[in-house]
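Take a look at the structure below.
Bear in mind these aren't lab numbers, they're just calculated from the coordinates by the rules spelled out. Worth saying up front: this structure is predicted, and the values here are computed from it rather than measured. Positions of Cβ are backbone-derived with ideal geometry, glycine not excepted, and every protein chain shown enters the neighbour counts.
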Amino acid sequence: MRWVRVCADAMETPILLARSDCGALWIELMGAPVGLRPSGALWIEHQSALVAGDLHLEKGSSYARGGQLLPPYDTIATLDRLQADVDAMNPRLLVLLGDSFHDPQARGRLHEDDSRRLASLAAGRTLVWAEGNHDTRNGSTALGALPGEVADELALGPLTLRHEPRPGLAPGEISGHLHPCAKVVLARRGVRRRAFVTDGRRLILPAFGAYAGGLNVCDAAFTGLFEAPPLAGALGDGRVHPLPFSALCGD
Amino acid sequence: MDGARAALPPRFQAWFEGRGWSPRRHQLDMVRMGLEGRDTLLIAPTGGGKTLAGFLPSLIALSERAPRNSAGGVHTLYLSPLKALAVDVHRNLEIPIAEMRLPITVETRTGDTPHAKRQRQRTDPPDMLLTTPEQLALFCAWEGARAYFADLRCVILDEIHAIHGSKRGDLLSLGLARLSQFAPHMRRVGLSATVNDPDLLRRWLAPAPRRADLVTGDPGAPPVVDVLVSQNAVPWSGWTARHAMAEVYQAIQRSKSALVFVNTRFQAELAFQTLWEMNEANLPIALHHGSLAAEQRRKVEAAMAREELRAVVCTSTLDLGVDWGSVDLVIQLAAPKGSSRLVQRIGRANHRLDEPSRALLVPAHRFEFLECEAARQAVEANDLDGEPARVGAQDILAQHVMGLACAEPFNVQDLYAEVITAAPFADLAWEDFERVVDYVANGGYALRAYDRFARLVRGKDGRWRARSADIIARHRMNVGAIVEIPMLSIRLAASRGQQRVAGRKIGDMEESFLEQLSPGDCFLFSGRVWRFETIAGLDALVVPAPGEEARTPSWGGSKFALSTYLAKRVRRMIADRASWPRLPDAIHEWMTLQELRSKIPSEDEMLVETFQRGRRHFLVAYPFDGRISHATLCQLLARRLERAGRQPLGFVANDYALAIWALQPMGAMDMDGLFQEDMLGDDLEAWLDESFMMKRAFRHCAMLSGLIQRRQPGAEKSNRQVTFSTDLIYDVLRRHQPDHLLLRCARADAAQGVLDVARLARLLKRIKGRITPVELDRVSPFAVPVLLEIGREAVAGAGAEALLQETADALIADAMELN
C-alpha cells in the first residue's frame, strides 16, 4: 500500500490515506492504521478488531408492529454483510458499537436462525456489545441467550470505542450513533451515500443496518465534533471514496 | 326521435323554451337512456350542454318521485377528477333546479369540505352528491357505506377520458364495482370529450364484460389551427421558442383572451418572463402551473373568470377545468406532442358550439415545425391518438382491498367476483388476486414473520377484516392514487443574528430540482430570478437576484413524448418530397441538404448515420418514436456496443433521433443485429433492476399499496422525513424475494411509463429488416438537432459511482501535488 498525505480544506494536520485491494480506505487514526471497509465496518489492524455500528436489527418488524409490513429480511441482510466481513478478516475481537437492536423488544422478535447466526459469529473470538441508546431503553442490557459481553465503552490502545460521540473534541474516539451520510452533486446529479467521517483524530462510523437511515454530515449535529472540516469516506460499490468536506452538499 | 321528445316532462320543456333553447338531440337521447336504465357513455364536444345532458335523467326522476316521509339516501353521485369542476357543476346545476323549483338538494363534498358538514352529509344525505374519486375511495373504507348508498340510482363520471388510463382510474373503477354491490339498480353515466376509441371507454365504464351504450353529440364547428411561421430563423434545437415570442405577444394583443399552453413548468416560467419583458402595452398576463402556491392559482382562475386577464401562460394544470367564456385563442408553445392533448387544449377556447375554436401552434425548432404541421393535419382529419387498454395496477387493488376490510368483513370468493367486474381487472387471475390479499394481510413474504402483525385477520365465518381500529385509522389517512411529488417551500432567506432563517413563502417546488442546485445558483420561479442559498428542513432559502442569468433544469424540455400517431405523420411528411415546397424556405432547404449529404428515409425505413468527428465516432439513428423509448433504446444499445468492444462514451435522445458516441467506429457493424428485438430480454432486465427509475417506481408502489404510509396519525410528516429509505427496502427485497408483488408492480410501471418498453418493442418490430445504414464523412443536417442536445442534459450514462470517483480523484490529485 502507498500512503499519501492529504490536506484538504483547512486541515492543520494532514490525514494519511491509503487504498488496499479489497476496496478499503486506510487512514492513520491517532497514529494507528485502520481500514474503513466498503461494508461500513472498521478494521483495527493492531488489535485484530472488527467494529460495526448501529445494526438496528429487527427494524423491519418494529415497523410491522405499527402496520407497515416492511420486508422481514433486514436482519438477515445485515448479518449477511457482517458475516462476509468476519469471514474476510477473521478478527480476534468483534465489537458491535451500540444500537444493535432497533427497539427494546427487538431481541424477543429475533428469529432463531438469526440468533444462531450471531452465536456462530461470536465463536472463537470475543464479541463485545458496546452499549447503545436503543439497547438500554427500559434499563435492560441483558443479552439473554445471545453470546458475548456488554460494555459501556472499550479502550484499545490510543483508541476509545463508544456508541455516542462525546460533545466537543474527543481525540482517539471511535463512535457511531449519528448515521453519517455524505452527498455530492456533480454534473447535475446528486449521490447520497453512507460515510465514515474523520479528521485523523476521531472517527464516526456509518450505520451498518440494512434499513438504517442517514444524517447528512453537513447537519448541525456534527458541528463542534471536529477541529477542522473532516474527510468523508463514502461507501461506494466495493470501495470507499475519500471526499473532502468542501465537496459535500447539505440535503 | 319523437318518442324521445315526449320523454321531456312539460316543466322541463317549458324551462328550455323559457331560456330560448330547444333540447339538443343528445340530451333527449340521454333522457331516453335514463328511462331505460342503461349504462351510457356520452361523447360530445365542449359547449354542447354535456353536463346538463348527464344530469337531466336524474333531475326528471327526482322531480317526479312521490313524496316520502323518511329521509332518502343519495340518488345521484357525480364524480369529477377536479375539485374545482365539482364546485362549478354544482353552481350550474342550481340554476335549473331553482328556476323550475325542483325539490332536489345538491351538495359538494371534497377534501376542503369542513368536517362538520361531512359528518352531516353522512346522517342527512343530499339527493345529489358531487365529489371526487378520492372521496369515493374513502366511502368504500367506511363501515356505513352499504346503507348510505342503498338507494343510489345513478353515478355520473365526468371527463372520463382524462382519468380512465391511470392508477386513479383503476381505483375509481374498483369503487364503481363496489357501488354496484351496494345498489344493484344503479346505472353508470360517463361524460367524455372526443376520443379515438370510444369502445375502450364503453368497456371501462360498464361492469365487465358488458359495454355501455353510446350517445354521441353533434360535432361543433371544426377548429381553425395555424402553425406560426416566424419572421426569425427557426432554431436547430431547444424548446423555448424564444425566437417567436414577439409574434406570440402580437397574437395575444389581437385576441380578447388567450391561453398559452406549454409543456413544462419551467417552460411556463421562461415564456412568462419573456412576455413580461416585451409587455409594452402592460397587458394583464398571468402564470399558472402546479408549483405555484394553491391560493395564487385560485387568484388567477378567479381573475380569468371575471374576464380581467388577456392571457394566462399555463401547463397541463389547465387542460381540464372550469369553462371560461372569454377565451378566444389557444396558443401552443412548442409542439403539442399528441393530437388528443391538442384537441383538448383547443377545446378550452370558445365554448360556443357553432363558432370555431382558434389555435396557434408555435414550433420551437425545425423538426417541431414538421410535428406542428402534422398535428394541424391530424386535428383537421380528426385523427386522434389513443392509448391502449390498461391492465389494472395491483398496488391499487391492494389499497382497495384494505379499504374494503376497513368497512366490513369480506369473503374472498365474493370479492374476487366483484373485482373482475371492474374493467381494468377483468382478466385478473384468481391466483394473482389471492396473492394481493395475502400481501394486504401479511405483506406477502415467503418468510412468514409477520403473522402476529397481520393487517387482516380471518374470522370464524371465514371472512377477512382489518385487525384493529388503529390499522383502520391509518389506512383512511392514506387513501388515494395520487403520489404527491416531494416538494419544498421556497422561502425568502432572512437573518437572525448569525443564522439564516426562513422568511416569507414564495411557493413550492420539486425537491428533486432543488437538490440539483448548489448554493449561489440562480433559477426562475414565479416569474422572477432567485439565488439559492440552502435547504433548511422543508424550506429552500432564496434571495432575489434580478438580472442574474437563471440556469435551466436538465429536464426543461417536454415531459410528454411524441405520440405514435404524430410520429407516423411526420415520417410520411419527410418522405413525401411533393409536400416539401409547401414548407417554409428554411425547412425546405434543410431537407434538400439532407438529401444531398445523406439520405431521406422512406416512411417505413429507419436511417442510421455513422461518422467521425474529432476523435469520437458517432451513430445517429432516426426512429421518430418519442424521447422516452429512444432513451431506453440508448441504454440498451450502449450495453451492446460495450460488449462489442466499441467503447461507448455517452448518448443523447430527443423525440426524433438518438445519438451514441464511442471511441471505436460503428459504421461497419451489422445494424440488424445491433437493433435485434432480443435486447428486450436479459439486457433490459439487468439494466432495469439497477436503474433509479425502478427505485422511483417502487417507491410509488410502496406508498400506494400501503407498505409505507404517507401520512401518520398525529404527525404531519412529509415524504422527506420518512425515517427509512425505500431504496434500502428495494435493495433488500430484490435480493431476498425478487418475485415479490411490489417488485412486479414496479417493473410493470417502469416498463409502461418511464421506459415505455411496449412502445420500444413495437419500434424494434417496425424497423426489423428496414434499417438503412449510411456512412458519412461528416455530420448531416438532420443530425444537428440531436447533437446540439449534448451537454444540455445531464449525461444519463454516468453512474453514481463515477461521480464519487471523480470527486475522490480530485482530492487525491491535490494530495499528490502537495507531496
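Using DSSP to call loops (not H, G, I, E or B), can you name the trypsin sites (Lys or Arg not before Pro) in region B:343-403 whose Cβ has at most 15 other Cβ atoms within 10 angstrom?
Of the trypsin sites (Lys or Arg not before Pro), the ones in loops of region B:343-403 whose Cβ has at most 15 other Cβ atoms within 10 Å are B:Arg352.
Eigenvalues of the Cα gyration tensor times 5, then square-rooted: what semi-axes does that give for region A:161-251, in whole angstrom, largest first?
Equivalent ellipsoid semi-axes, largest first: 20, 15, 12 Å.
Past 27 Å, Cα to Cα: identify those pairs from B:Lys695/B:Lys765; B:Lys167/B:Lys768; B:Lys599/B:Lys765; B:Lys167/B:Lys337, in the order given.
Violating the 27 Å limit, Cα to Cα: B:Lys695/B:Lys765; B:Lys167/B:Lys768.
Calculate how steeply helix B:265-277 sits against the longest principal axis of the alpha-carbon atoms of chain B, using the helix alpha-carbon long axis, and give the answer as 0 to 90 degrees to the nearest 10.
Relative to chain B, helix B:265-277 is tipped by roughly 80 degrees.
Could you line up B:Glu134, A:Glu153 from fewest to most neighbouring Cβ atoms inside 10 Å?
Final ranking by Cβ density, sparse to dense: A:Glu153, B:Glu134.
For chain B, give me every cysteine whose Cβ has no other Cys Cβ within less than 4.7 Å, ordered by residue number.
Flagged as lacking a Cys partner: B:Cys140, B:Cys154, B:Cys314, B:Cys372, B:Cys406, B:Cys522, B:Cys634.
Count the DSSP beta bridges whose two residues both fall in chain A, then state the antiparallel fraction as a percent rounded to the nearest 5.
Roughly 65 percent of the DSSP beta bridges within chain A come out antiparallel.
Please state the relative contact order of chain B as a whole percent: Cα pairs under 8 Å, 6+ residues apart?
Relative contact order here is 11 percent.
Please report B:Ser192, B:Ser173, B:Ser22 as a ranked list, fewest other C-beta atoms within 10 angstrom at the top and most at the bottom.
Fewest to most other Cβ atoms nearby, the residues stand as B:Ser22, B:Ser192, B:Ser173.
Before rounding to the nearest 500, sum -39500 (n - 2.57) across all DSSP H runs of length at least 4 in chain B and divide by the residue total; then give [θ] at 222 nm in deg cm²/dmol.
Rounded to the nearest 500, it is -12000 deg cm²/dmol.
Students often check this: by mean Cβ neighbours within 10 Å, which of B:529-537, B:307-315 ranks highest, and how do the rest follow?
Per-residue Cβ counts within 10 Å, averaged per peptide and sorted highest first, yield B:307-315, B:529-537.
Only four residue types carry charge here, +1 at the Cβ of Lys and Arg and -1 at the Cβ of Asp and Glu. Report the dipole size of region B:408-494 about the Cα centre in Debye, rounded to the nearest 20.
In debye, rounded to 20, region B:408-494 gives about 580.
Out of the GluC sites (Glu not before Pro) in region A:4-87, which ones are loop residues according to DSSP with at most 16 other C-beta atoms within 10 Å?
A:Glu12
Any chance you could run the full-extension gain for B:Ala66 through B:His185? It's 0.36 nm times the residue separation minus the Cα-Cα distance, nm to one decimal.
Taking 0.36 nm per residue and subtracting the Cα distance, the gain is 41.0 nm.
Non-local amide H neighbours of B:Val74 (under 5 Å, H modeled in plane, Pro and chain starts lacking H): which ones?
Those qualifying (amide H under 5 Å, at least 5 residues apart or on another chain) are B:Asp151.
Could you tell me the center-to-center distance, by alpha carbons, between region B:658-685 and region B:559-630 in angstrom?
The two parts, judged by their Cα centres, are 19 Å apart.
Would you mind ranking B:Arg766, B:Arg455 by Cβ crowding within 10 Å, fewest neighbours first?
B:Arg766, B:Arg455
Can you tell me what share of the DSSP beta bridges in chain B is antiparallel? A percent to the nearest 5 is fine.
If I count the DSSP bridges inside chain B, around 45 percent turn out antiparallel.
Over all residues in A:208-216, what is the mean tally of Cβ atoms on other chains that come within 10 Å of each residue's Cβ?
Average per residue, whole number: 3.
With a Förster radius of 41 Å, plug the Cβ-Cβ distance of B:Ala150 and B:Glu685 into 1/(1 + (r/R0)^6) and report the FRET value to the nearest 0.05.
After rounding to 0.05, the efficiency reads 0.25.
Nearest 5 percent is fine: what portion of the DSSP beta bridges confined to the protein assembly as shown is antiparallel?
If I count the DSSP bridges inside the protein assembly as shown, around 50 percent turn out antiparallel.
Hey, what angle do you get for helix A:112-122 against the long axis of chain A, alpha-carbon based, 0 to 90 degrees rounded to 10?
Helix A:112-122 and the main axis of chain A meet at about 50 degrees.
Please average, across the residues of A:235-248, the number of beta carbons from any other chain that are within 10 Å of each residue's own beta carbon, and give a whole number.
The shielding value for this peptide is 4.
If you find the alpha carbon centre of region B:733-763 and of region B:480-544, how far apart are they in angstrom?
33
Enter the angle in degrees (range 0 to 90, nearest 10) between the Cα long axis of helix B:757-767 and the first principal axis of the Cα atoms of chain B, meaning the one along which they spread out most.
The two axes meet at around 50 degrees.
May I ask which residue of B:Val379, B:His630, B:Pro336 lies farthest towards the positive end of the charge dipole of the protein assembly as shown, with charges of +1 (Lys, Arg) and -1 (Asp, Glu) on Cβ and the Cα centre as origin?
So the residue furthest toward the plus end is B:Val379.
Which one of A:Trp43, A:Ser120, A:Gly233 has its Cα pushed farthest toward the positive end of the charge dipole of chain A, where Lys and Arg give +1 and Asp and Glu give -1 at the Cβ?
My answer, from the dipole projection, is A:Gly233.
Calculate the mean, over all residues of peptide B:448-461, of how many other protein chain Cβ atoms lie within 10 angstrom of the residue's Cβ.
Mean shielding by partner chains, rounded to a whole number: 3.
If you place +1 on the Cβ of every Lys and Arg and -1 on the Cβ of every Asp and Glu, how big does the dipole about the Cα centre of chain B come out, in debye to the nearest 20?
1980
Once the dipole of the protein assembly as shown is set up with Lys and Arg at +1 and Asp and Glu at -1 on Cβ about the Cα centre, which of B:Ile60, B:Val327, B:Gly347 lies farthest towards its positive end?
The one lying farthest along the dipole's positive direction is B:Ile60.
Taking the alpha-carbon set of region A:74-137, what are its Rg and Dmax in Å?
According to the Cα coordinates of region A:74-137, Rg and Dmax are 11.8, 33 Å.
Compute the Cα gyration tensor for region A:4-240, then decide on rounded, prolate or oblate, letting a ≥ b ≥ c be the square roots of its eigenvalues: rounded whenever a/c is under 1.5, prolate when a/b is larger than b/c in the other cases, and oblate in all that remain.
Since a/c reaches 1.5 and a/b is larger than b/c, the shape of region A:4-240 is classed as prolate.
Based on Cα positions only, what radius of gyration and what Dmax would you give for the protein assembly as shown, in angstroms?
31.9, 102
Return the whole-Å distance between the Cα centroid of region A:149-163 and the Cα centroid of region B:311-366.
Between the Cα centres of region A:149-163 and region B:311-366 lies a distance of 70 Å.
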